[in-house]
1. State, to one decimal in nm, how far the label point of Gln129 lies from the label point of Leu147, with both points 7 Å from Cα in the Cβ direction.
2. Run the accessible area of the chain with a 1.4 Å probe and give the carbon-and-sulfur part as a rounded percent.
3. Express the accessible area of the chain per residue in Å², computed with a 1.4 Å probe while the remaining protein chains stay in the model.
4. log₁₀ I(q)/I(0) of region 26-143 at q = 0.12, 0.20 Å⁻¹, via Debye over equal Cα point scatterers, no solvent, to two decimals?
5. Between region 25-96 and region 240-254, what is the separation of their alpha carbon centroids in Å?
6. Can you list the cysteines of the chain that have no other Cys Cβ under 4.7 Å away?
7. For region 1-151, calculate the relative contact order in percent as a whole number, restricting contacts to Cα pairs under 8 Å that are 6 or more residues apart.
8. Taking H placed 1.01 Å from N in the peptide plane, check which residues at least 5 places from Gly177 or on another chain put their amide H under 5 Å from its amide H.
Amino acid sequence: MSGSRLPAPHHVSRIYVEDRHRLLYCEVPKAGCSNWKRVLMVLSGLANSPAHIQHQAAHYSNSLRRLDSYDRAGMARRLRTYTKALFVREPLERLVSAFRDKFEQPNTYYHPVFGRAIIARYRPNATRQALSSGSGVTFPEFVRYLLDPRRPLGLDIHWERVGRLCSPCLVRYDFIGRFENLAAEAEALLRLVGAPANLTFPRFKDRHRREERTGPQLSRRYLAQLSADERRRAQDFYLTDYAMFNYSRPFGPG
């Protein structure tokens, strides 16, 4: 907690609480959050091993409490005394990962909700089938939606900026790890909070296991589909994340 001010509940709504090991973890989608939720469930005594927890159970079982579910005293005490952690990822690589996960794979939410709106706004002469299904959004169309100040839908947590998800200017995090060094830094955090020695951070790919992992080389192929101006503007969209978490901007300063 920065100073003595208690953040408003909406500023800590992505922070998950693990009381037994006094850990607060801020969820950043596409930066290892599924496996972190599995780890939190094991630490809490809700499961014996991360490997036994399915994706749906990790995300939708409602077994983990969020910090904003506590009263002000409970929030303040945990912010003051617990280890506060988050993991970040190179912003544009995280964006590519989110696009691949939500728009290149079958999805009963993102295609009809976001896909339809994106195709309707950013694809001239879209077919009736595309407008109906919302499937087949291209990466340039997705980025045009992201950069449009009058976008037809708000931002989703999978591509929202980390600064807005986790409020690092209001919450003084004790541990900020990087997805790029996830295995080693996750182990360091687990040892810091006194996790059982036999608990290690999962290394398996959560879903779409046959697909190539999103890394720097694959991300460059997606970003090459954009114009130079779009690449620069996409980078600038995440400018605060680049600055706060000390990532080098791939397309130089604005």
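The values are calculated or read from the model by the stated rules, or taken from the named source; none is laboratory data. Worth saying up front: this structure is predicted, and the values here are computed from it rather than measured. So basically every Cβ, Gly included, is an ideal-geometry build from the backbone, and we count neighbours across all protein chains shown. To get the accessible areas, we keep the full protein, side chains included, count just its heavy atoms, and leave off ligands, DNA and RNA. Shrake-Rupley method; radii C 1.70, N 1.55, O 1.52, S 1.80 Å.
1. Roughly 3.0 nm, to one decimal.
2. Answer for the chain: carbon and sulfur cover 48 percent of the accessible area.
3. Details: 12800 Å² over 254 residues.
Solvent-accessible surface per residue comes out at 50 Å².
4. After summing over all Cα pairs, the log10 values are -0.63, -1.09.
5. 26 Å
6. Flagged as lacking a Cys partner: Cys33, Cys169.
7. Working: 162 pairs, mean separation 32.7, N = 151.
Taking the mean separation of contacting Cα pairs over the length of region 1-151, I get 22 percent.
8. The list, which skips near neighbours in sequence, is Leu86, Phe87, Val88.
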